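The structure appears right after this line, and notes come after that.
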Amino acid sequence: MQIRTRLTLQFALLVGGILIAFSILIYTLSANYRKQEFTQRLKERAINTAKLLIDVKEINDNLLRIIDSSNYSALLGDEVVVFDYFKKSRIYMNVDSSTLDISEELLSKIRNDEEFTFRQGNREAVGLLYSNDLRRFVVIASAVDTYGITKLNNLLIVLLIGLIGSIILTLLTGMFFARQSLRPISEVITQVSTISGSNLEQRVDEGNGTDEIAHLAITFNKMLDRIEKAFKVQKSFVSNASHELRTPLAAITSQIEVALMKSREAGEYKEVLNSLLDDARSLTSLANNLLEIARTEQDIRSLKTSAVRFDELFLQTQSDILFLHPEYSIETIINDNTIDEDQDLTITGNENLLKLIIVNLLDNACKFSKGNMVSATLSYNPENVHLLVKDQGIGISAEDLPHIFEPFYRAKNAQTISGHGIGLPLISKITSLHNGKISVSSVEGEGTTVEVWLPYHST
C-alpha cells in the first residue's frame, strides 16, 4: 500500500471515528433529553388531572373527560388512570378502556417508590402518589411520544447522512492533501531515478532547505558526495593499480624477450634472473599491500583481536626492519615514565595490522630521509598510545598534502623514489579501523612528521 493511500485512510479513520463518537454523543443526549422532557409532561398531566378530579368538587368524571378532550396541549393518545390508595379501586380513567396492563405488583411498586417510570411497548408511563388533606391516590399517566420519536429519528437520519458525507469529503480532501504533501518526495524519487554511475555529479533539489523533505534531500546529496568520491577513488585505484602492475610485468616481459634473442653467458642469465627476481618481489609487495588494504575494509569486530603490548611490538618490528635494511638508522625514545602498570602499555587490536602501521611508518620515513636516519617517539597517556615518527627527507608540498591518503597517490617530488603510494593510505585505514587518528605535517625540503594515536580499547 502506498504511503499516500495509507495516510488518507488513517486520516479518514481518525476523522470518521471522531465524527461517529460525536454523533453518538449528540444522539444519546437528545434521546435522554426527549425522555426526560416527555416524562416531565406525563407527570404534569397526571398531577393536573388529579387536582381537578380530587381538589375541585364541582368537577365530575364526565366533565373532566370533556375538559381533557378539549385540551390542545394534551398528549397524543394519553391515558390517565386514578386509583384509591387504600381501597385499590379505580376511581377515574379518561378513556373507555386502557391499553396499559396495570397489575397489583405495579401499583405496589408505585406506592413504595412514590414515583415510578416504566414503558409498555411503545407507550411510556409515569406512576406517582397524589394526596390531599383527606385521601391519597395512585395516578398513572401514559402516552406515545410520536412527535419526540419522529424528531429523534429525523436527527438520526441527519447524523447518518452528515457522517457519510463527512467521511467521503474527508477521503477526498485527505487524498488531495496527501498528494500535495508527498509531491516533494515524488519529485525526489524522480530525480534520484535519473542518477546513475555515469552522472554521479547530479544532485537532488534541496527545496527550501528547512522542512523534513529538504533534510532528506540534503542527506541524500551528502551520500551522493560520498558515493561519487568512492567511485572516483575506485576508478583511480583501478587505474593506478593497473599501472603499478603493468610496469613490473612489462619489465619482466621485455627482459625475458631480450634474454631469448640469443644465447648468453651464465653470468648474463644470472643478472637477468636477479632483475626478474627484483621485479617479482615488487609485484609480491604490491599484491600484499593490496590484500592488506582489502583487509582494512572490514569491521574491527570481524578481525581477530588480542591484547598487544605496543612497546614490545614496536621494538620487535624495528629490529626486523633494521635486520632487513642495515643502512637504516632509527633513534627510538619511549616515554613510559608515567606508566605504573603493564596493563597501561597494552592495547586491544589486530597484531598483524598494528605491525603494518609500524613497518610502513618506519620504512617510508627511512626511505625518504637523508642518510636513512629517522627518530621515533613512543609515549603514553591515560587515553591512548602516541607514536611520532620524524624524518629529514624531501618533505611534502602543500599542494600534495591533502592527497597523501589516496591509494597510489605519489607526490611530484617522490616520483624518483621506489614505492607504490600505498603506505600512508594503509596506515590511515588501519588506524581508523582501530578507532585511532593520524596526523601528518610536513615542510618541503625539511622533512615530514607523522603522528598516530591508538586507543587502548578499539571496540
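The values are calculated or read from the model by the stated rules, or taken from the named source; none is laboratory data. Only a predicted model underlies this, so the values are computations on that prediction, with no experimental measurement involved. Here the Cβ positions follow ideal geometry from the backbone for every residue, glycine too, while neighbour counts run over all protein chains shown.
Remarks
- Which listed residue, of S73, S69, S97, is closer than 30 Å to I157 by Cα and at pLDDT below 80: S73
- S379, sole failed condition from (1) buried (at least 21 other Cβ atoms within 10 Å of the Cβ); (2) modelled with pLDDT of 85 or more: (1)
- Leading residue by the ranking (nearest to the chain's Cα centre (by Cα)) among those in the range 184-201 that are surrounded by 11 or more Cβ atoms within 10 Å (Cβ to Cβ) and in a helix (DSSP H, G or I): I185
- Members of the range 327-350 that are in a loop (DSSP other than H, G, I, E, B) and at pLDDT 85 or above: E327, Y328
- Sole exception among (1) under 30 Å from L29 (Cα atoms); (2) in contact (Cβ under 8 Å) with a residue 24 or more places away in the chain; (3) part of a helix (DSSP H, G or I); (4) not aromatic (F, W, Y) for G165, by number: (2)
- Any hit, the range 171-183, residues being surrounded by fewer than 16 Cβ atoms within 10 Å (Cβ to Cβ) and among the aromatic types (F, W, Y): yes
- Only listed residue being assigned to a helix (DSSP H, G or I), more than 42 Å from the chain's Cα centre (by Cα), at pLDDT below 75 and polar (S, T, N, Q), chosen from S275, S242: S242
- The range 345-363 residues that are of a type in the set (G, A, S), paired with ones that are in a helix (DSSP H, G or I) (beta carbon under 8 Å, 6 or more apart): G349/I300
- Test: residue in the range 293-312 that is at pLDDT 80 or above, surrounded by 14 or more Cβ atoms within 10 Å (Cβ to Cβ) and either over 44 Å from the mean Cα position of the chain (by Cα) or part of a helix (DSSP H, G or I) (or both): yes
- Meets criteria (in a strand (DSSP E or B), under 30 Å from F22 (Cβ atoms) and among the β-branched types (V, I, T)) for T150: no
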